[in-house]
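Okay, structure first, notes after.
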Amino acid sequence: MSDSKNNTIHILPLSLYLSIGSILLVLTAITVWVGVSFDFGPINLIVAMLIAATKATLVALYFMHLKYDSKVYLSLFIGGILFLAIFIVFTMLDTMRRQDIYEIKGTPLNNMAEMYQGLSTVDSISDSTDVSTDVSTIFTDTIQTDTTQQSSDIKID
Amino acid sequence: MSNHSPSTNLQSHFADAAQQADAAKLGMWLFLVTEILLFGGLFVAYAIYRAWYPEMFFNAHEYLDITLGATNTVVLITSSVTMALAIRSIQLDKKKQCMNYLIITVVLACVFLVIKYFEYEHKFHLGQLPGKFYTFEGIEGTNPHIFFSIYFAMTGLHGFHVIGGIGFITWLITRVKRNAFSSAYYTPVEMAGLYWHLVDLIWIFLFPLLYLIS
Amino acid sequence: MNLPNEAKINYLNYPKGLKSWLLTVDHKRIGVMYLAAITLFFAIGGLLALVIRTELFTPDNMFLTKKMYNQMFTLHGAIMIFLFIIPSIPAALGNFILPIQIGAKDVAFPRLNLASWYIYVFGSLFCLYSIWEGAVDTGWTFYTPYSSTTDTSVVSMMLGVFILGFSSIFTGLNFIVTVHKLRAPGMTWYKMPLMIWGLYATAIIQVLATPVLGITVVLLILERTLGMGIFDPAMGGDPVLFQHFFWFYSHPAVYIMILPGMGIISELIATFSHKKIFGYKAIAFSSLGIAFTSFLVWAHHMFTSGQSEFAAMIFSFLTFFVGIPSGIKVFNWVATMYKGSIDLKTPMLYAISFLILFSVGGLTGIFLGALSVDIHLHDTYFIVAHFHYTMMGGTVMALLGGLHYWWPKMFGRMYSEFWGRIACAFIFIGFNMTFFTQFILGTRGMPRRYATYMDQFQPLHGFSSIGSYVLGFGFLIMAIYLIHSLRNGKIASANPWGALTFEWETTSPPHPHNFEHEPKVTHGPYDFDTVLREREE
Amino acid sequence: MDSTSSTYLPTPSSTIAPEVDALFNFILLASFAIFVIVVAVTLYFSWRYRRKVAGDGLTYGVDHNIKLEILWTTIPTILILIVFVWGFKTYIKMNVVPGDAIEIKATGQKWFWTFDYKEGANLVNELVVPVNKPIKLLLSSQDVIHSLFVPAFRIKMDVLPNRYTITWFEATHTGEFDLFCTEFCGDGHSEMIGKVKVLPPDEYAIWLEKSSVLGEGLTLEEYGAELYKTKACYTCHSLDGSLIQGPSFKGRFGSELTMTDGTTVVSDENYLRESILNPRTKIAEGFKPIMPTFQGILKDRQIDALIAYIKAMNE
């Protein structure tokens, strides 16, 4: 039951290839233009991804003949992307939700890597719950109020 | 390392040429799925670290040259078009035309690598290297070396696949010169086309993720 | 190529010479070469296990220093998993059986098949080099930051595992294309033997999961060489992220191990009960069901790793839905035996011990899926017992059953039934002695990977070590009588078990091109009733 | 289910333990029942339908039975949903600390645990807690991933470098309980064993008072001797000249020592202080740099006491 019957050779007109190529170039121009000039914040990422996805589907359907071949190849391609999506989403389930119950669980002890400890230029150390390794200062009031206050209003979802 | 059948068109254990071509295509698509998941690992690392250090990613990405990135995208898309045209011409049995398109594709791929070399050389000079070799101080935000580690991992792996593609297509050019292919049998060219389009597809996603962060 | 047509030639003796073996593209020869290699690595892994069990006889160090003990259990884990159990059924038995069972002359890409064999050999050489250079002591899970800071040769082991990954991908890729494209005319998807469904589902996981192992291993190599820092907390990275990367491959990998075993068990139970398999579609689709849901559950290995409670809840919920298809399969196999005419030959003994041991393995998985109980049991000997019951009680029992079942077909000789049953008894008893005690060790809180332990655990450890000797003795008997049967076992007929699948319609050992005549599909793989009724008329 | 101190589970001695044991026993019963059914039916069939004569005749062709298949799919599904919900409820209880818990900071380090109390007490491989009082452990690691596991309390939590994880327990009766490291962390993984001492409230108060003050009323040598034990120096340094992991204290003070890089040093107070605070700078001949730093763990008075104790070893 091998599905090789509908594999008559599909020769696409030259014009189709060139037009798809030009659309891709135009889309590239658009995505660069949007990326550089506008600043919508997070929406910008979604816009960029949408444009990249349309370019990808164009390449896949026409250049890789997914449109004309049997559906097995299309389902394989979609399956691959689906499993990648599962990998990303489920890992983000963990990394993004660590501070659900305790704020302190989500933030690293000292999130500046060792190689930057000495550099004074970087001032972003103060905002994190930085705890120097000296144990005696471990119970600065920031920690104490943070966790006790935290544990009183527990958000059980 | 894609698979290509020997010069004698039909291998003993296939019923007919169509079945063999179909089998080769299915095998190639499965290989492309493994490539998607191979790069997928890096996309996961990118997504997680961008979610953790968003402002550092923004500050660090400004040191990437968007014009070079955009030209690279244009170069790869045109090489994808010429690759598709090469397949079209072999389907029409125009061996000479197919050879020319393949050569253009290889040339464009080399241009891509050269541009990539300039970008890397600029970063080596500045000290924006992955991991512990990172000595650049200009970037605000936590752990900027992570951005460049992921940048070099993604573009390095992609560059490695471009080099693999160049090798594969040059091998094809030598075979087309010995007119091993005709409109009746052109499976290796088609496989190279699928592989090259995937390499282009991955760059289509890499470019906005690395160069256009806001 | 024309073949000398005297009846005696088969794939073993034609073409002759070492070169013809080393450069063969015949799937049967590649299968036999894989079989030899995995037997060697099983022996090495088994010896390492015996050394570990002997060391654990007494609470403190007997003859191994702590570092050597860590290297021993890491190598035992890595060799058994990457070099033995993952290639064992798909590459050794699968390579031999799959093309014949679907009536094809060979796999879709024979040269890719040979390439995957040489990649396997090259990868295992890398692993042996890494052992010689200073064996890895991080446990087969290679958790960072320990694996990125230890001084043992992690990089060369990682390269070995990276290369072995490709061998697994190419085997899986070959099988999927062969099953799609090279089935004999008339063999629809529901007329295929269930062994093929098992191998097909395994191939899907191999193709989809192994690349992520490749990227994980490459990132660990970069971590060690360039100090890349995405897994190193001192550089702002997160070691739990490595665990996500590692287990995204390694949980589907445990289904790469069990699914082909389930394929074999369906064959054995149906053939030795001489009865149509119960719920053919249920078993076939639960194989695919396991293949896809296995990608959703990996973080149940990380319930205590400080991951978010939300993720733990999601993964615990999904983990239970991976268990259901396995349960359905076991019930279907037991129902197949109803009103059959059961012949308790050695393969069937292994099938029944699979049913018993795999049920224990599967049901103890429920303990580990429940969140609160897993907090107590994680990383204790309960886990060691659980995965040995599923991997050894499941896959190895199925492998041994399959090996005995296809031994006459592969080598044209019958093994000695008497010794086969004795070895099976020793293995079954030794296995339970060794690993059931470890369940109790685990619930009482004995942690995993301990070179020295507290005195209260000594009696159970002692008993478990004695059990491992019995188990080792059972394998020794098997090795002897199987090798003995190669030379002077009885000559096997084409169909010693009266089975109906294609491989029993060709000679044993089969013709170099599998079939003299093109096989035609006249009945389903297990239609014992219709075939027997026709023979009666 | 009362707290069965059964052979296969350590006696439950925390508030959460009976709930975990209850679910454990429920799953044990349910899976044992399923297991017995499967094995009994298999063995019965193998005996009842054994092949009497070679190549027996027709076999009954039943190959599916929808009702049976639905039955053996729904029953396990219901069972596992019960187990999931029960497990998740207890899990949430395990992870949410009651407000009034005593907070103790636990740090895992290559191959020993340190516990720091707010009042300044600092113990190695020993956790002293009052009974019937919730104790919150704030966990972090100095190097690789460890995991704090107290079987009797059914609690386990990985100890991650550069990040806090939290677990809590409330001991229900006094006594001494084992404490293990359950995440592989190298050579000393199997030695990273500690004790949890549960004291009645009054004894705990006295102990806390006594141990928070740094060796009050003891001479330097006596306090050094106590620190030699509580800080687990004995695991690597012997007193009688025998070699364990590090050099023995016997006759160590004042002698000429050659370092790995060939330089020679007189082992005086500064050398001893330096090798306590950052041991990796000067490593004596023939020893590996595996001593962890005690920077931030030992107060100055404790370092002086240890040095005095090592000096005393010379006589």
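The values are calculated or read from the model by the stated rules, or taken from the named source; none is laboratory data. What you see is a predicted model; the values in this text were computed from it and never measured. With ideal geometry, Cβ positions are generated from the backbone for all residues, glycine too; neighbour counts draw on all protein chains shown.
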Fill in: Unmet requirement for D:A152, which otherwise passes all of (1) of a type in the set (G, A, S); (2) more than 8 Å from chain C (Cβ to nearest Cβ); (3) in contact (Cβ under 8 Å) with a residue 40 or more places away in the chain
(2)
Discussion item. Take the residues in the stretch C:293-310 that are more than 8 Å from every other protein chain (Cβ to nearest Cβ) and touching a Gly at 6+ places or on another chain (Cβ under 9 Å); name whichever of them is farthest from C:T144 (Cα to Cα).
Written reply: C:V297
Worksheet item: So how many residues does the stretch D:258-280 have that are farther than 12 Å from D:T293 by Cα and either in contact with a Leu (Cβ under 6 Å, 6 or more places away or on another chain) or small (G, A, S) (or both)?
Response: 3
Worksheet item: Any idea how many residues of the stretch D:194-244 are acidic (D, E) and within 30 Å of D:F287 (Cα to Cα)?
Response: 4
Practice prompt. Could you run through the stretch D:233-252 and say how many residues are more than 17 Å from D:L277 (Cβ to Cβ) and either exposed (fewer than 15 other Cβ atoms within 10 Å of the Cβ) or in contact with a Gly (Cβ under 7 Å, 6 or more places away or on another chain) (or both)?
Written response: 9
Worksheet, complete the sentence: Of the residues in the stretch C:296-308, those that are in a helix (DSSP H, G or I) and either crowded, with 24+ Cβ neighbours inside 10 Å or among the hydroxyl-bearing types (S, T, Y) (or both) come to C:W298, C:A299
Discussion item. Against the condition closer than 27 Å to C:F96 by Cβ, assigned to a helix (DSSP H, G or I) and of a type in the set (G, A, S), how does C:A234 come out, does it pass?
Written reply: no
Fill in: Pairs, first in a helix (DSSP H, G or I) in the stretch D:23-34, second surrounded by fewer than 20 Cβ atoms within 10 Å (Cβ to Cβ) and of a type in the set (G, A, S), C-beta under 8 Å, six or more apart
none
Fill in: C:A36, sole failed condition from (1) more than 20 Å from D:G188 (Cα to Cα); (2) crowded, with 17+ Cβ neighbours inside 10 Å
(2)
Worksheet item: Among the residues of the stretch B:171-180, is any hydroxyl-bearing (S, T, Y) and more than 30 Å from C:G237 (Cα to Cα)?
Response: yes
Worksheet item: Given the conditions (1) part of a helix (DSSP H, G or I); (2) over 30 Å from C:N70 (Cβ atoms); (3) among the polar types (S, T, N, Q), which single one is not true for C:N495?
Response: (1)
Worksheet entry | Condition broken by D:P76, with the remaining ones in (1) assigned to a helix (DSSP H, G or I); (2) more than 8 Å from chain C (Cβ to nearest Cβ) satisfied | (2)
Practice prompt. State which residue is farthest from D:N65 (Cα to Cα) when the search covers only the stretch C:335-350 and only residues that are touching a Phe, Trp or Tyr at 6+ places or on another chain (Cβ under 7 Å) and hydrophobic (A, V, I, L, M, F, W, C).
Written response: C:M348
Discussion item. Condition (residue is modelled with pLDDT under 90, surrounded by fewer than 19 Cβ atoms within 10 Å (Cβ to Cβ) and of a type outside the set (S, T, N, Q)) applied to the stretch A:72-85: is it met by at least one residue?
Written reply: yes
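To keep it simple, each residue is scored yes or no on (1) surrounded by fewer than 24 Cβ atoms within 10 Å (Cβ to Cβ); (2) among the acidic types (D, E); (3) on the phi < 0 side of the Ramachandran plot; (4) touching a residue at least 40 places away in the same chain (Cβ under 8 Å).
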| site | (1), (2), (3), (4) |
| --- | --- |
| C:Y338 | yes, no, yes, yes |
| C:K345 | yes, no, yes, yes |
| C:L349 | no, no, yes, yes |
| C:G369 | no, no, yes, yes |
| C:S372 | no, no, yes, no |
| C:I375 | no, no, yes, yes |
| C:F382 | no, no, yes, yes |
| C:A385 | no, no, yes, yes |
Worksheet item: In the stretch C:232-288, how many are away from chain B (no Cβ under 14 Å) and more than 25 Å from C:G172 (Cα to Cα)?
Response: 11
Worksheet item: Got at least one residue in the stretch B:92-99 being modelled with pLDDT of 90 or more, more than 7 Å from every other protein chain (Cβ to nearest Cβ), buried (at least 22 other Cβ atoms within 10 Å of the Cβ) and in contact with a helix residue (DSSP H, G or I) (Cβ under 8 Å, 6 or more places away or on another chain)?
Response: yes
Response to the item:
Scanning the stretch D:156-179 residue by residue, the ones that are outside any strand (DSSP E or B), over 19 Å from D:P18 (Cβ atoms) and either of a type in the set (V, I, T) or over 14 Å from the mean Cα position of the chain (by Cα) (or both) total 2
Item to complete: Would you be able to say whether some residue in the stretch D:200-208 is part of a strand (DSSP E or B), more than 7 Å from chain C (Cβ to nearest Cβ) and either in contact with an Asp or Glu (Cβ under 7 Å, 6 or more places away or on another chain) or at pLDDT 90 or above (or both)?
Response: no
Fill in: Meets criteria (closer than 23 Å to C:I89 by Cα, more than 8 Å from chain B (Cβ to nearest Cβ) and without any contact (Cβ under 8 Å) to a residue 60 or more places away in the chain) for C:G214
no
Worksheet entry | Test result for C:N70, surrounded by fewer than 19 Cβ atoms within 10 Å (Cβ to Cβ) and not hydroxyl-bearing (S, T, Y) | no
Worksheet entry | Residue check for B:F136: crowded, with 18+ Cβ neighbours inside 10 Å, hydrophobic (A, V, I, L, M, F, W, C) and within 23 Å of B:F58 (Cβ to Cβ) | no
Discussion item. Being away from chain C (no Cβ under 14 Å) and either within 14 Å of the chain's Cα centre (by Cα) or outside any strand (DSSP E or B) (or both): is that true of D:T114 here?
Written reply: yes
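To keep it simple, each residue is scored yes or no on (1) within 30 Å of D:A17 (Cβ to Cβ); (2) assigned to a helix (DSSP H, G or I); (3) at pLDDT below 90.
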site: C:F418; (1), (2), (3): no, yes, no
site: C:F439; (1), (2), (3): yes, yes, no
site: C:Y450; (1), (2), (3): yes, no, no
site: C:L460; (1), (2), (3): yes, yes, no
site: C:G472; (1), (2), (3): no, yes, no
site: C:F475; (1), (2), (3): no, yes, no
site: C:R487; (1), (2), (3): no, yes, yes
Worksheet item: Has the stretch C:193-212 got at least one residue that is outside any helix (DSSP H, G or I) and crowded, with 24+ Cβ neighbours inside 10 Å?
Response: yes
Item to complete: Quickly run through the stretch B:61-81 and pick out the residues that are at the interface with chain A (Cβ under 9 Å from one of its Cβ atoms) and in contact (Cβ under 8 Å) with a residue 12 or more places away in the chain.
Response: B:I66, B:G69, B:A70, B:T73, B:I77, B:T78, B:S80
Worksheet item: Within the stretch B:182-214, restricting attention to residues that are more than 25 Å from B:T73 (Cβ to Cβ) and either surrounded by fewer than 21 Cβ atoms within 10 Å (Cβ to Cβ) or modelled with pLDDT of 90 or more (or both), which residue is nearest to the other protein chains (Cβ to nearest Cβ)?
Response: B:S183
Practice prompt. List the helices (runs of 4 or more DSSP H) that sit entirely inside the stretch C:312-416 and contain at least 1 residues that are facing chain D (nearest Cβ under 9 Å).
Written response: C:346-369, C:371-377
